[in-house]
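J.: Provided herewith is a single structure, encoded as structure tokens, for subsequent inquiry.
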Amino acid sequence: MIDPEETLEQQVARQSKIIDALIRRANREHGVGGSVYSLFQSAIALQGEVWEKTRDLEQALDTLGRASNKLKIAEYAWQQTEQNLAEALEAMEGGFALFSESELEVFNDQFKTLVPDLEEEITNGLELDTYFELLQSSASVVSVAKTGRKTDTTGDNRSFSLDRPSVLELRGDRWFQITRKSASANRTVLLSTEITRIVRQNRLEKNRLIDEQSFFLQAAFDHMTQGVCTFSEEGTLLITNERFRELLNLPLFLVQKGTAIRQILEFARKQRLLVGLETGDDFDEILHELRSRGSIDTMVRHVNGNILNIRVHGLPDKGYIMNVLDITAETHSKETLEQMVQERTRELTAVNERLRRQNEEQAIIDEQLRQAKAEAEEAVSSKTKFFAAASHDLLQPINAAKLLISTLGEGTQDTPFEDTVSRLGRSFDSIESLLHALLDISRLDSVGSELSISSFCIGDLLSSVRDDYARLAREKGIDLSIVPCRQWVQSDRRYLLRSLQNLVVNAIQYTETGRILAGCRRKHGLLVLEVIDTGIGISPEDQTRIFSEFTRVSEKSSDYGMGLGLSIVERACRRLGHPLSVSSTVGKGSRFSITLPFGQVPDELPVGLAEEQDTHAEAMDLIVLIIEDNEDVLFATAQKVESWGGSVLTASSTAQAVEQVREIGMAPDIILADYQLTGSDNGVEAIKAIRRQTSSRVPAIIITASPPGELEEASRKQAFTVLSKPVKLSSLRSLMDWKTHQPKIVCFGT
């Protein structure tokens with residue numbers, strides 16, 4: 001009965017009518033009954049309904065009042081927002097316009113007054129395309145340019161870009177940038193920003209740069225040795241230098257900016273300044289020739305006698321540049337230059353001929369040098385091969401003599417011959433030392449000799465040196481102290497041992513009293529092997545020459561050798577890459593140091609001899625098979641082994657050795673075999689044959705004069721030990737005991 005869409009007043013009026021109608025109806029119904037109580041009862045019921053309707057009406061009025069308040073608040077907020085937006089638009093520095101459905105809806109005064117003659121046309125409802133058309137036809141608009149492409153300021157380019165800003169030039173040198181933005185699918189925003197100050201500033205900066213470039217260009221022109229002049233497309237002078245006026249001998253008024261080239265040509269024609277240039281030709285014809293050919297290059301003679309080279313080239317702006325160069329000196333000296341060239345050519349030909357002959361002579365000399373070098377290398381190689389081949393024959397008698405002297409020494413103890421035998425032994429020791437020195441120098445000087453680099457415990461070398469030279473030190477009354485070391489190093493074991501031996505022997509040689517100390521210490525991640533003595537010392541001037549061959553610091557000790565020991569040490573350390581140093585004080589002693597890299601300690605340490613056995617140990621109870629093709633060495637070795645208590649079987653070849661073993665019907669306890677036997681026979685084959693015959697891995701020692709590296713692989717595969725000749729008896733006895741008893745004594749690395 002009540003329409004919610006009606007206004008509040010209409011709803012209240014309608015409810016009042018409904019209430020009145022209900023009251024009249026109730027009165028009619030209760031009047032018919034005529035009962036007062038019925039009327040009262042009907043009035044009470046009607047009053048309850050009226051109260052209920054009144055309550056609903058009050059609630060509706062309250063709801064309507066709250067809605068009305070909210071509507072007023074929203075309307076006020078809208079008005080405030082609209083006012084703020086209007087104020088913000090007016091406060092903007094540029095123009096703003098909002099087009100909805102391509103019709104102008106909102107804009108500010110700056111947008112309206114942007115183009116003065118369009119101010120009356122800027123109204124709500126203006127079409128966007130119509131606005132652009134008005135801009136393009138406006139008399140106040142000079143030009144429209146799209147950013148990102150060349151601006152055409154002639155007024156012809158008036159199209160607006162839809163995807164990038166356009167620059168609008170107005171009369172009075174005013175500039176605006178118009179930017180088009182899409183606010184939504186059907187709303188477009190136009191922003192106009194005045195950029196007059198930026199454009200004017202850029203123009204000033206551009207003019208400044210042009211002026212600077214003109215200044216630099218003029219300065220460059222003024223310092224050029226040739227005359228330069230540039231002309232515009234119309235033929236007026238733009239830039240020139242003083243050299244241009246001097247070469248052409250022109251008056252000052254003709255080299256001012258703006259002077260026409262016609263005037264210059266006319267002046268030259270009248271004054272007859274140039275001979276060879278058709279100055280009477282029309283300028284247009286000259287210009288046509290220049291444009292068709294691209295350049296003009298001619299040589300003329302000036303009235304003052306100078307010869308000028310004139311070149312005219314076109315420029316990108318359709319102007320042209322003229323270069324004038326004085327070539328008088330070059331022209332006058334042309335004939336002279338030609339003569340000089342001919343003379344120089346003849347000289348060069350003669351020099352080339354001399355060089356050719358010298359090259360031929362040099363080629364002959366080079367060939368002779370090559371042959372001499374080849375002969376020298378062949379001589380060195382032959383020397384090395386000779387020493388290698390002769391080493392066995394040279395060491396054989398020394399080895400036999402030392403064995404015999406050792407046996408003889410045991411038999412002459414406490415007899416008048418004891419001192420003689422001792423001196424004889426020392427003499428052979430000197431022979432052995434000298435022979436080893438010569439062999440070492442030969443191997444170190446040989447280019448083809450190879451080093452055998454491996455990791456080993458340096459304690460073995462220190463122990464060997466202690467046992468070999470302790471007796472010699474005791475005889476001189478010197479205390480030789482060897483500090484044990486369990487470090488592993490990486491080097492050539494043989495050459496490092498020889499170097500250490502030579503340093504110790506050198507210390508014993510030049511120390512009269514006191515002590516010699518040999519040991520190792522860590523330094524900067526390396527191991528330094530040092531030999532320190534309290535000897536006579538070495539002067540600073542002698543510390544560099546002591547490593548040369550046949551050099552001795554003092555002649556008092558000449559009985560100890562030929563001065564080759566330190567030379568061998570220096571050569572070996574140089575080949576091995578081990579730094580060698582010496583420090584010494586005269587009268588106090590010397591310190592020699594060899595710096596070594598640490599070696600890799602194997603997971604399973606090999607069993608070695610930490611301490612050699614005493615040569616006077618108890619008698620050995622062994623069957624020893626000695627294989628040696630030299631009768632003297634065989635006899636001396638057998639006699640020495642028998643003096644130790646061993647039972648000896650002797651053979652000169654593999655066949656005899658196998659026959660000896662077959663006769664006794666059992667395997668020997670150990671084999672001592674020379675490596676080089678008669679013919680192609682050798683000790684390695686003999687060891688293999690004995691082991692096959694006895695079906696057992698008999699312990700074996702190869703005694704050889706060859707470099708130990710040659711047998712390294714074979715010794716590892718066949719499990720035999722290599723001893724170098726001459727054999728040290730203490731080493732031989734200790735090694736035989738160890739090979740037969742296999743004591744588990746190892747040298748640990750730390």
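J.: Applying the selection to segment 192-226, what residues are aliphatic (A, V, I, L, M) and either in contact (Cβ under 8 Å) with a residue 24 or more places away in the chain or part of a helix (DSSP H, G or I) (or both)?
T.: First, the residues of segment 192-226 that are aliphatic (A, V, I, L, M): 195, 198-199, 204, 209-210, 217, 219-220, 224.
Matches in segment 192-226: ILE195, ILE198, VAL199, LEU204, LEU209, ILE210, LEU217, ALA219, ALA220.
J.: Another one. Restricting the first residue to segment 449-474 and requiring it to be on the phi < 0 side of the Ramachandran plot, which pairs with a second residue that is in a helix (DSSP H, G or I) and of a type in the set (Ser, Thr, Tyr) meet a Cβ separation below 8 Å and a spacing of at least six or different chains?
T.: Qualifying pairs under 8 Å: SER449/THR384; LEU451/TYR495; SER464/SER731; ASP467/SER730; ASP467/SER731; ASP468/SER730.
J.: Let me ask something else about it. Tally time: how many residues in segment 247-267 are part of a helix (DSSP H, G or I) and over 60 Å from the mean Cα position of the chain (by Cα)?
T.: 12
J.: Report yes if some residue within segment 50-69 is modelled with pLDDT under 75, in a helix (DSSP H, G or I), of a type in the set (A, V, I, L, M, F, W, C) and surrounded by 13 or more Cβ atoms within 10 Å (Cβ to Cβ); otherwise report no.
T.: no
J.: Here are the criteria: (1) at pLDDT below 70; (2) surrounded by 14 or more Cβ atoms within 10 Å (Cβ to Cβ). Tell me which single one ILE568 does not satisfy.
T.: For ILE568, the failing item is (1).
J.: Here is a list of conditions, (1) under 17 Å from LEU308 (Cβ atoms); (2) touching a residue at least 24 places away in the same chain (Cβ under 8 Å); (3) in a helix (DSSP H, G or I), and CYS229 meets all of them except one; can you say which number that is?
T.: (3) is the only condition that CYS229 fails.
J.: Follow-up. Quick one: which strands (runs of 3 or more DSSP E) sit completely within segment 616-726 and have at least 2 residues that are more than 30 Å from ARG493 (Cα to Cα)?
T.: 647-651
J.: Separate question: Scan segment 282-322 residue by residue and report those that are within 18 Å of ILE264 (Cβ to Cβ), exposed (fewer than 11 other Cβ atoms within 10 Å of the Cβ) and modelled with pLDDT of 80 or more.
T.: Listed by number, the list holds a single entry, ASN304.
J.: If you check LEU672 against the conditions, is it at pLDDT 90 or above and either surrounded by 20 or more Cβ atoms within 10 Å (Cβ to Cβ) or not β-branched (Val, Ile, Thr) (or both)?
T.: Yes, satisfied.
J.: Determine, yes or no, whether LEU503 is crowded, with 18+ Cβ neighbours inside 10 Å and either out of contact with any helix residue (DSSP H, G or I) (no Cβ under 7 Å at 6 or more places or on another chain) or assigned by TED's automatic domain parsing to the domain that holds GLU530 (or both).
T.: Yes.
The values are calculated or read from the model by the stated rules, or taken from the named source; none is laboratory data. No experiment lies behind these values; they were computed from the predicted model shown. Note that we place each Cβ from the backbone using ideal geometry, even for glycine, and neighbour counts take in every protein chain shown.
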